[in-house]
Amino acid sequence: MIAKLLELKGNEYVLDVGSGTGRTAVQIAKRLTTGKLVGIDI
């Protein structure tokens, strides 16, 4: 749901802090064509 709310162009750099299992990060990463996503968690 969060990934759908973001109006991503595909070239963004995204930092997911507290990504947990990474489910949201994966959905966001699928929308990035030339951008990058980094997820961090304990």
TODO: Would you mention how many residues in segment 6-42 are touching a Leu at 6+ places or on another chain (Cβ under 8 Å), part of a loop (DSSP other than H, G, I, E, B) and of a type in the set (Gly, Ala, Ser)?
DONE: 2
Task: Whichever residue in segment 19-35 is in contact (Cβ under 8 Å) with a residue 24 or more places away in the chain and in contact with an Asp or Glu (Cβ under 8 Å, 6 or more places away or on another chain) and, among such residues, is farthest from Lys4 (Cα to Cα) - done: Gly35
Open item on the list: Quick test for you: out of Gly22, Gly18, Gly39, pick the one residue that is touching a strand residue (DSSP E or B) at 6+ places or on another chain (Cβ under 8 Å), exposed (fewer than 10 other Cβ atoms within 10 Å of the Cβ) and not aromatic (Phe, Trp, Tyr).
Closed with: Gly18
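Laboratory data are not the source of any read-out in this text; all were calculated from the coordinates shown. Note that the coordinates shown come from a computational prediction; the quantities given were computed from them, not determined experimentally. Heads up, the Cβs are rebuilt from the backbone with ideal geometry, glycines too, and the neighbour counts pull from every protein chain shown.
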